[in-house]
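A.B. asks: Structure below; questions to follow.
The values are calculated or read from the model by the stated rules, or taken from the named source; none is laboratory data. Since the structure is predicted, the reported quantities are computational estimates derived from the model, not experimental observations. Because the Cβ atoms are built from the backbone with ideal geometry, glycine has one as well, and the counts that use them run over all protein chains shown. These area figures cover heavy atoms from the full protein model, side chains too; ligands, DNA and RNA do not enter into them. Shrake-Rupley method; radii C 1.70, N 1.55, O 1.52, S 1.80 Å.
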Amino acid sequence: MKNIRRLFMAIAFATAATISLGAFQNAQAATAEDLNKEADTALKQLYRTNPTAEKIGSQAKAVLIFPSIVKAGLVFGGAYGEGVLEKKGVPVDYYNSVTGSWGLQAGAQSYGYVVFLMNEKAVEYLKKTAGLEIGVGPTVVVVDQGVAKNLSTSTLKDDAYAFIFDQQGLMAGVSIEGTKISKIKR
């Protein structure tokens, strides 16, 4: 019985790893032009569905846009996607977003997220370190519907605000805590 359980777990893990790797390969944009277009479309979609995001975006010094993050897991999981850093609507750098996780999880999903960098300190930190880790460095507030109702351009005090949007798939919840964002060449 133990051997059957181990075999089942090994097969399940191998299947999840294969699905995850395939999903992550699809998360990579073909070219910088494609990524720029996807980021522009994603930001417009966020603004259409969340007026608070648009207000915050108008105050941001820079905007980091990840149009499509693919997350998959079965006990062990991960998420990957590529994004664009824009200043005044112009792409200036490219980044990837990588998250690893383990625990009670099964499924796959995709989502997008945008990080509004509100001050030069946050922008410089991103440049100097060639990336950032959510939960380390500048203060990043993940904005959900409850937080969004209490935000206005006059109450913005943190270094960065992140909005998650366009969730699709069969996995409960999304968290970007512990996500590593690194600069890439495009």
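A.B. asks: Taking segment 34-78 only, how many residues are buried (at least 23 other Cβ atoms within 10 Å of the Cβ) and of a type in the set (K, R)?
C.D. replies: Number of matching residues: 1.
A.B. asks: Which condition number does G83 fail, the rest of (1) in contact with a strand residue (DSSP E or B) (Cβ under 9 Å, 6 or more places away or on another chain); (2) farther than 20 Å from Q168 by Cβ being met?
C.D. replies: (2)
A.B. asks: Here is a check on your reading of the model: is V98 modelled with pLDDT of 90 or more and either surrounded by fewer than 20 Cβ atoms within 10 Å (Cβ to Cβ) or among the β-branched types (V, I, T) (or both)?
C.D. replies: When the stated conditions are applied, V98 passes them.
A.B. asks: Is there a residue being surrounded by fewer than 21 Cβ atoms within 10 Å (Cβ to Cβ) and either touching an Asp or Glu at 6+ places or on another chain (Cβ under 8 Å) or modelled with pLDDT of 90 or more (or both) anywhere in segment 3-11?
C.D. replies: There is no residue in segment 3-11 that is surrounded by fewer than 21 Cβ atoms within 10 Å (Cβ to Cβ) and either touching an Asp or Glu at 6+ places or on another chain (Cβ under 8 Å) or modelled with pLDDT of 90 or more (or both).
A.B. asks: To continue, here is another question. Considering each residue of segment 102-136, count those that are at pLDDT below 80 and at negative phi, and give that number.
C.D. replies: Residues meeting the conditions: 8.
A.B. asks: Still on this model: Look at segment 111-127 and say how many of its residues are within 15 Å of A39 (Cβ to Cβ) and of a type in the set (G, A, S).
C.D. replies: 1
A.B. asks: Open to solvent by less than 60 Å² (accessible area, probe 1.4 Å) and either among the hydroxyl-bearing types (S, T, Y) or touching a residue at least 40 places away in the same chain (Cβ under 8 Å) (or both): is that true of F116 in this structure?
C.D. replies: When the stated conditions are applied, F116 passes them.
A.B. asks: Considering only residues that are small (G, A, S) and in contact (Cβ under 8 Å) with a residue 60 or more places away in the chain, which ones fall in segment 42-59?
C.D. replies: If the condition is that a residue be small (G, A, S) and in contact (Cβ under 8 Å) with a residue 60 or more places away in the chain, then A42, A53, S58 are the ones that fit.
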